[in-house]
Amino acid sequence: MSDWNPTSNILTLKIVYYGPALSGKTTNLIALHDLLQPSFKGDMQILETKDDRTLFFDLFPLGLRTSDNTLIKLKIYTVPGQVVHNSTRKAVLSRCDGIVFVADSQLNQSENNAESFNNLAQNIRLLGLNLKTLPLFVQFNKRDLPAIESIENIEKRWSETPWQVQYASALNKDGVYETFIKLLELVYRSVDKDYHLMDNYKLTESSFIQQLTKGDQD
Amino acid sequence: MEDFERVFTIEELLPSRSYCRITKALQQMGMNHFSVNNLEGTPLLQYGQDNGLNQIDLSAELEPVGFLRFEPEKLELAESAANFILEVLQTNWRYQMASDIHLQVSKQDYYDLKSKHQQLQESERRYRELSEHLEDKVRAQLKVIEDSQRQLYETEKMASIGQLAAGVAHEINNPIGFVSSNLNTAIDYLQELNQFFSRFLENGTNSTLSDKESSEAEFLLEDFGSLLIESKEGTQRVARIVADLRAFSNVDQSEDAWIKLSDNLSQVARIFLTSVEKKIILETNISPLLPTWCKPAHINQLLLNLLDNAANAITQQGKITLGCEMVNGSIFLEVKDTGVGMDEETKRKAFLPFYTTREVGGGTGLGLTVSRDIVLAHNGKITMESQLGQGTTIQVIIPLKDKSR
């Protein structure tokens with residue numbers, strides 16, 4: 001989970017973009033890197049790839065400084081989606097504070113989505129996290145493609161779950177920002193329970209989101 | 001274990017082997033006095049003098065990991081140099097993260113593999129243990145099976161004894177019925193005769209009987225006699241049935257005895273006839289047999305089973321032939337019926353336990369199985385001939401046995 005370092009005064013939170021292979025996790029992160037103007041913005045770190053497929057992970061660090069000079073660092077990771085890299089996926093997922101599940105909207109991908117989600121649930125359990133309380137947001141990506149699942153079908157299926165759904169086309173930067181903000185809301189509420197962000201840092205939910213997306217200027 | 005997510009120091013991100021080249025590059029760019037320091041201010045590489053120098057943050061992620069110190073008048077150059085160093089830092093950072101996560105994952109996979117291997121060894125050990133004790137376990141199971149088989153035999157025996165008892169009860173009830181009715185009539189007769197008799201006692205020889213009276217008295221006396229004779233025959237019948245039953249009374253005490261099987265055959269044939277309700281003619285061809293050492297109770301049950309099967313095969317009326325003789329020093333028994341016979345499938349399954357053609361509740365399906373086991377227990381052989389619509393013949397050969405063997 002989140003990591004608090006009192007000597008350097010840094011609170012590190014971890015967000016993971018999870019999902020089946022080629023569903024657009026890295027594309028989401030690249031779009032996010034373009035769209036966000038947070039108070040602190042690190043460079044996008046794209047690790048080793050093979051034929052444009054992620055082997056380890058991608059990392060986009062960003063952060064904000066609270067009024068008492070604490071640095072809240074948000075590290076956003078993607079995982080390798082290919083089935084064979086499960087051990088890597090598990091290592092990246094460990095101790096995370098929030099998850100965006102990037103599903104592929106294409107009709108022929110629903111089985112891969114389901115398989116990946118089950119894999120996520122299983123890894124969450126193996127890592128000692130709790131699927132019920134962990135902030136999780138679902139994004140249906142590739143809405144710009146022709147043969148995709150209807151919103152009606154998706155709503156029907158996911159309305160029975162506790163998770164909200166956002167539609168996106170990461171390639172066109174549509175829905176990426178919205179997905180991230182919705183997850184930030186969930187993450188704030190969850191982290192607030194442990195660190196009392198309001199009491200300890202005078203950090204409201206809206207200024208948490210504001211500083212991580214648009215920076216300090218108001 | 002090294003964590004790929006940890007905060008890296010500038011010493012990790014800027015390997016000492018590149019100090020020389022970086023120093024040279026910065027020199028070539030036109031910088032004369034500079035140093036790269038860590039967060040504590042200790043220089044990693046240094047050139048010229050550190051007098052009145054400014055510094056720029058070197059941040060790989062978000063927060064600085066070190067500083068580049070430079071001459072104040074060369075700010076633009078210094079910014080280019082810082083960018084160049086930053087590129088080196090980030091490249092090394094990515095490399096470190098990749099190699100750390102690779103190491104972490106490999107170690108985890110290795111650990112998982114090792115624990116799986118241990119589980120496999122454990123299960124292999126269990127299998128080995130199991131195979132070593134397999135014989136014992138099989139023997140124990142065999143005993144359980146034998147025990148339950150014996151229990152089934154008991155059940156089958158009890159079932160046939162039950163059927164027998166029902167037949168016998170009916171057969172005994174019959175004579176008892178007419179004997180009892182005869183005795184009631186006899187009591188009435190005795191009262192009427194008593195009236196005649198007392199008249200003679202009062203009037204002496206002067207007493208006379210009218211013609212009507214005398215013929216009535218004559219009838220009474222005559223019928224009285226025949227009533228008694230019939231009743232005596234009835235009680236004899238009951239006595240014979242009881243005597244025959246005695247042969248079955250020790251059905252559970254299956255002790256060996258020295259007997260002539262031809263006697264058993266006659267007994268069983270009589271008992272069998274008491275229990276059948278159909279019109280069956282039982283023909284017996286009993287030749288004297290030499291005595292043999294056997295379990296008479298079991299042999300009785302075998303014979304009764306075979307006769308019962310034969311009777312069941314006969315729908316309305318028919319004939320059963322029961323025969324025995326000595327053939328080549330062995331006892332040869334044959335039960336032949338004119339019943340419905342069996343098709344190929346029934347013949348094939350006839351000796352299987354629990355196979356029965358009777359209606360539910362009509363049979364346990366163990367009759368022939370038990371019969372065969374009894375024959376085998378006496379080192380004998382049982383064979384069957386049957387054709388659909390032509391009846392069935394069962395032949396049994398039991399070798400003579402001495403007590404000593």
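Relative contact order (percent) for chain B, with alpha-carbon contacts under 8 angstrom and 6 or more residues of separation? Walk me through the numbers on the way to the answer.
Values: 500 pairs, mean separation 41.0, N = 405.
After rounding, I find 10 percent.
Farthest towards the positive end of the charge dipole of region A:3-213, among the residues A:Gly63, A:Ser206, A:Asn172, is the Cα of A:Gly63, using unit charges on the Cβ of Lys, Arg, Asp and Glu. Considering only beta bridges that DSSP places wholly inside chain A, some 45 percent are antiparallel.
Placing R0 at 51 angstrom, the Cβ-Cβ distance between A:Leu126 and B:Met326 gives a FRET efficiency of 0.05 after rounding to 0.05. Report the net charge of residues surrounding B:Met31, where surrounding means a beta-carbon distance below 9 angstrom and charges are Lys +1, Arg +1, Asp -1, Glu -1. Cβ neighbours under 9 Å give a net charge of 0.
Subtracting the Cα-Cα distance of B:Ser148 and B:Ala186 from 0.36 nm times their residue separation leaves 8.1 nm of extension gain.
Express in % the proportion of alpha carbon pairs of the protein assembly as shown at distances exceeding 32 Å.
On the way: 135472 of 193753 pairs.
Looking at the protein assembly as shown, the distances longer than 32 Å represent 70 percent of pairs.
When every Cα-Cα distance of chain A is counted in 5 angstrom steps from zero, the calculated P(r) takes the values 1, 7, 15, 20, 20, 17, 11, 6, 2, 1, 0 percent.
Sort B:386-393, B:118-125 for me by packing, meaning the mean count of neighbouring Cβ atoms within 10 Å per residue, highest on top. Could the numbers behind the result be given before it?
Values: B:386-393: 16.1, B:118-125: 10.0.
Packing order, densest peptide first, comes out as B:386-393, B:118-125.
The residue list B:Ala78, B:Ile56, B:Thr23 was ranked by how far each Cα lies along the charge dipole of region B:10-116 toward its positive end, using unit charges on Cβ atoms, and B:Thr23 comes out on top. For region B:250-405, the dipole from Cβ point charges (+1 on Lys and Arg, -1 on Asp and Glu) about the Cα centre works out to 140 debye, to the nearest 20. When shorter helices are ignored and each DSSP H run of at least 4 residues is given -39500 (n - 2.57), the per-residue value for the protein assembly as shown at 222 nm works out to -17000 deg cm²/dmol.
Taking the Cα centre of the protein assembly as shown as origin, sum charge times position over the Cβ atoms of Lys and Arg (+1) and Asp and Glu (-1), and report the length of that vector in debye to the nearest 20. It would help to have the intermediate numbers written out before the result.
Details: 63 positive and 84 negative charges, 268 e Å.
The dipole magnitude comes to about 1280 debye.
For region B:54-69, the residues whose amide N sits under 15 Å from a probe point set 7 Å from the Cα of B:His33 along the beta carbon direction are B:54-55, B:69.
Using +1 on the beta carbon of Lys and Arg, -1 on that of Asp and Glu, and nothing else charged, what's the dipole of region B:10-116 about the Cα centre, debye to 20? Write out the running numbers ahead of the final one.
Details: 9 positive and 15 negative charges, 112 e Å.
Here region B:10-116 has a charge dipole of around 540 debye.
Rounded to the nearest 0.05, the FRET efficiency derived from the C-beta distance between B:Lys347 and B:Thr155 at R0 = 30 Å is 0.75.
Set the Förster radius R0 to 30 Å, insert the Cβ-Cβ distance between B:Ser80 and A:Glu178 as r into 1/(1 + (r/R0)^6), and round the FRET efficiency to 0.05.
Working: r = 39 Å, r/R0 = 1.29.
That gives a FRET efficiency of 0.20.
If you take every DSSP beta bridge fully contained in the protein assembly as shown, what fraction is antiparallel? Give it as a percent rounded to 5. DSSP beta bridges in the protein assembly as shown are roughly 65 percent antiparallel. Can you say what percent of the DSSP beta bridges in region B:250-405, counting only those with both residues inside, are antiparallel? Round to 5. Counting only bridges with both partners in region B:250-405, antiparallel ones make up about 75 percent. Across the cross-link table entries B:Lys114/B:Lys143; A:Lys132/A:Lys202; A:Lys142/A:Lys214, which are compared at the Cα atoms, the separations over 32 Å belong to B:Lys114/B:Lys143.
Rule-based calculations on the coordinates, nothing more; no lab input. Since the structure is predicted, the reported quantities are computational estimates derived from the model, not experimental observations. In this analysis, Cβ positions are derived from the backbone assuming ideal geometry, glycine residues included, and neighbour counts consider all displayed protein chains.
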